[in-house]
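Heads up, the thing below is written out as structure tokens.
The values are calculated or read from the model by the stated rules, or taken from the named source; none is laboratory data. Predicted model only: the values in this text are computed from it and were never measured. Reconstructed Cβ throughout: ideal geometry from the backbone, glycine too, with neighbour counts over all protein chains shown.
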Amino acid sequence: MSTDTQRGYPTSQCPVDHDHWGHQKTARPQEPVTSPVECDEYGIWHIHGFKEARMVLRSRSVKQGGAGVERLDKTSVVKPFIYMEGKKHQEYRKQTARFFTPKAVSSNYQHLIEQQVDEFIATIKRKKQVDLYPLSHALIGSVVYKIIGLTNSRLPGMQDRVDTFIKRLPDMQPRYDAFEKGKGNKIYLNPFHFAEIQLRLLVFYLLDVQPAIQNRRRQPEDDLISHLLSEKYNDLKNFTECITFAVAGIQAPREFMCAAAWHFLEQPELRARYLAASDKERDCMLQELVRLESVVERIFRRAIEDIPVYIESTHTQVTIPKGALIVIHVYSANSDECVVSGNPLQLCPARELKQEGVSNSVMSFGDGNHRCPGSHIALRVTDIFLRRLLALEGIHIIKQPDVAWNDFLTAYMLRNFIVGISS
Amino acid sequence: MRIRVSTQRCIVSGVCVQTCSEVFAQNDDGVVHVLDEHPSLVHIKEIQQAVLRCPVQAFLIEDQENTTDLTIIEDNWDQ
């Protein structure tokens with residue numbers, strides 16, 4: 001096998017000249033990883049290796065530990081579905097998953113996505129330049145709001161109302177002191193911000209959620225709210241699901257859409273390759289982009305019993321003790337050279353993974369019982385959007401996005417991403 | 001080789017369908033459905049990939065050494 005000594009990967013494996021393709025854009029600088037599994041001085045276990053991360057996420061000896069779930073454990077009487085565990089979570093997930101299947105997307109939402117993309121293209125042609133970020137909300141939101149059943153708002157502007165809440169999420173700073181003592185990523189809530197968030201939620205409920213619930217009590221439809229009503233969910237529980245589905249369903253896909261557009265608009269060859277590719281090839285390219293630009297950096301778990309973890313690279317075994325906080329480092333797992341071939345921090349549209357049985361997106365959609373249920377929709381909407389956007393004559397970047405960080409979700413945020421077309 | 005698929009354990013991730021749509025589909029509720037209980041061995045690699053990729057390990061492989069005969073059945077083996 002010949003080897004490209006400059007780039008350090010076997011040339012027979014990858015036909016792509018990596019120097020011409022993009023490098024990872026969104027990740028925060030990280031300390032070099034010394035071991036796939038480490039325990040820090042506070043007793044927090046850090047998982048960097050892909051195989052070890054997958055083993056932990058698939059284990060039945062862990063429960064969720066991130067995004068404020070442990071605060072909810074103690075304070076809330078209403079726990080949304082994404083925070084449930086065990087059989088209850090599995091049953092709920094199965095009952096609602098029919099909204100996310102490829103068949104459901106093709107039959108129920110395809111025309112909505114295309115309609116939104118048409119409007120987007122008309123906007124950019126008319127204005128000559130647009131900020132991609134708010135438009136990405138309209139695109140993914142058209143599907144997510146339909147799935148939830150948020151279609152009877154009393155006033156226009158639901159997107160802004162949800163956005164103002166999402167924009168406040170970074171203000172819910174993790175309490176690093178608690179994190180460092182191994183108590184989890186607890187949230188510090190500034191009382192003023194807390195009150196403001198509650199007010200915004202109340203407005204969202206009164207203007208958007210309540211009328212949707214009332215309508216579906218009279219006339220059920222094929223959506224989440226109608227399903228929850230059939231399960232005897234009251235308004236508060238219904239509202240909790242609406243807000244979690246809206247945030248989870250919109251936030252990550254819109255960031256990814258912007259990141260993907262950034263790569264393609266910056267790399268004309270990559271763009272041409274995408275536009276000429278088959279459905280399967282485009283799917284592989286998008287999954288490679290998701291691997292490289294995973295929106296979520298960390299996944300948190302809590303061990304509910306001792307967990308033995310075998311580390312293949314050193315042929316050793318460690319035991320994560322019951323009660324320990326576990327941090328899965330998604331960027332590290334996604335660039336684990338035991339799984340991903342050479343140059344893991346570069347985009348390779350023809351990448352073939354070394355490891356059998358691993359999706360091209362590697363760990364970006366998570367794994368185990370809580371694997372992202374909306375991964376198909378996110379990729380489908382992104383694909384429809386990109387094919388139309390990239391085919392526009394003269395489309396180019398006017399201003400690269402500002403990259404910020406959301407510590408609450410441990411996710412990147414791309415803002416002020418201005419694209420335009422030459423007149 | 002015999003592969004048993006637990007529809008009970010399935011969490012409707014759709015990963016198996018994305019990996020090998022010739023053999024696996026999702027029913028109206030999204031749960032895994034085996035389209036062909038005796039698929040061609042041409043698909044063996046994709047099927048094995050689907051088995052490994054399933055996030056909740058809903059598949060159980062038996063008689064793995066036998067690569068001349070392939071059977072896939074829906075069967076709640078974990079009950």
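Out of B:Asp28, B:Asp78, B:Asp69, one residue alone is at pLDDT below 90 and within 11 Å of chain A (Cβ to nearest Cβ). It is B:Asp28. Can you tell me which residues in the stretch A:354-413 are within 14 Å of chain B (Cβ to nearest Cβ), farther than 26 Å from A:Phe300 by Cα and in contact (Cβ under 8 Å) with a residue 40 or more places away in the chain? Scanning the stretch A:354-413 gives A:Arg380, A:Asp383. For the residues A:Val247, A:Val295, the requirement of being closer than 30 Å to A:Leu224 by Cβ, of a type outside the set (Gly, Ala, Ser), under 19 Å from the mean Cα position of the chain (by Cα) and at pLDDT 90 or above singles out A:Val295. Every condition in (1) more than 9 Å from chain A (Cβ to nearest Cβ); (2) more than 12 Å from B:Val5 (Cα to Cα); (3) crowded, with 18+ Cβ neighbours inside 10 Å; (4) not hydroxyl-bearing (Ser, Thr, Tyr) holds for B:Gln64 except the one numbered (3).
Which pairs do you get when a residue that is modelled with pLDDT of 95 or more, found in the stretch A:260-278, comes within reach of a residue that is among the polar types (S, T, N, Q), reach meaning Cβ atoms under 8 angstrom, with the pair 6+ apart or on two chains? Short answer, once both residue conditions are applied: A:Ala260/A:Thr382; A:Trp262/A:Gln400.
Per-residue answers, yes or no, for (1) within 19 Å of the chain's Cα centre (by Cα); (2) within 16 Å of B:Gly14 (Cβ to Cβ); (3) surrounded by 23 or more Cβ atoms within 10 Å (Cβ to Cβ):
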site: A:Val340; (1), (2), (3): no, no, yes
site: A:Gln346; (1), (2), (3): no, no, no
site: A:Leu353; (1), (2), (3): no, no, no
site: A:Glu356; (1), (2), (3): no, no, no
site: A:Gly366; (1), (2), (3): yes, yes, no
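Selection of the stretch A:329-338 for residues being hydrophobic (A, V, I, L, M, F, W, C) and crowded, with 23+ Cβ neighbours inside 10 Å yields A:Val330, A:Ala333.
Can you pull out every residue in the stretch A:14-53 that is within 24 Å of the chain's Cα centre (by Cα) and more than 16 Å from A:Val318 (Cβ to Cβ)? Within the stretch A:14-53, A:Trp21, A:Gly22, A:His23, A:Gln24, A:Lys25, A:Thr26, A:Ala27, A:Arg28, A:Pro29, A:Gln30, A:Glu31, A:Phe50 meet the criteria. Residue under question is A:Ile326, and the condition is that it be within 14 Å of chain B (Cβ to nearest Cβ) and either of a type in the set (Ser, Thr, Tyr) or crowded, with 22+ Cβ neighbours inside 10 Å (or both); does it hold? In short, no.
Checked against (1) more than 9 Å from chain A (Cβ to nearest Cβ); (2) within 10 Å of the chain's Cα centre (by Cα), B:Val51 passes all but a single condition, namely (1). The residue pairs whose first member lies in the stretch A:100-112 and is more than 18 Å from B:Val31 (Cα to Cα), whose second member is crowded, with 16+ Cβ neighbours inside 10 Å, and whose beta carbons are closer than 7 Å, counting only pairs six or more residues apart or on different chains, are A:Tyr109/A:Val143; A:Tyr109/A:Lys146; A:Leu112/A:Ser142; A:Leu112/A:Val143; A:Leu112/A:Lys146. Scan the stretch A:372-405 for residues that are over 17 Å from A:Ala138 (Cα atoms), out of contact with any Pro (no Cβ under 8 Å at 6 or more places or on another chain) and of a type outside the set (Lys, Arg) and the total you get is 16. Selection over the stretch B:1-25 of residues that are more than 7 Å from every other protein chain (Cβ to nearest Cβ), assigned to a loop (DSSP other than H, G, I, E, B) and without any contact (Cβ under 8 Å) to a residue 24 or more places away in the chain gives a count of 1.
What are the residues in the stretch B:31-48 that are away from chain A (no Cβ under 14 Å), of a type in the set (Asp, Glu) and under 24 Å from A:Val362 (Cα atoms), if any? Across the stretch B:31-48, there are no qualifying residues.
Filtering the stretch A:92-130 to residues that are within 23 Å of A:Glu231 (Cβ to Cβ), within 14 Å of chain B (Cβ to nearest Cβ) and of a type in the set (Ser, Thr, Tyr) leaves A:Tyr92, A:Thr96, A:Thr101. For the stretch A:265-299, the set of residues classified as of a type in the set (A, V, I, L, M, F, W, C), buried (at least 22 other Cβ atoms within 10 Å of the Cβ) and more than 14 Å from every other protein chain (Cβ to nearest Cβ) consists of A:Met285, A:Leu289, A:Leu292, A:Val295, A:Val296, listed by residue number. Summed over the stretch A:373-396, residues that are in a loop (DSSP other than H, G, I, E, B) and within 14 Å of A:Pro102 (Cα to Cα) total 2.
Yes or no, residue by residue, for (1) more than 23 Å from A:Arg93 (Cβ to Cβ); (2) hydroxyl-bearing (Ser, Thr, Tyr); (3) touching a helix residue (DSSP H, G or I) at 6+ places or on another chain (Cβ under 8 Å):
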residue: B:Asp29; (1), (2), (3): no, no, yes
residue: B:Val32; (1), (2), (3): no, no, yes
residue: B:Ser40; (1), (2), (3): yes, yes, no
residue: B:Lys45; (1), (2), (3): yes, no, no
residue: B:Leu60; (1), (2), (3): no, no, no
residue: B:Thr68; (1), (2), (3): yes, yes, yes
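Within the stretch A:297-328, the set of residues being part of a loop (DSSP other than H, G, I, E, B) and more than 17 Å from A:His370 (Cα to Cα) comprises A:Glu305, A:Asp306, A:Glu312, A:Ser313, A:Thr314, A:His315, A:Pro321, A:Lys322, A:Gly323, A:Ala324.
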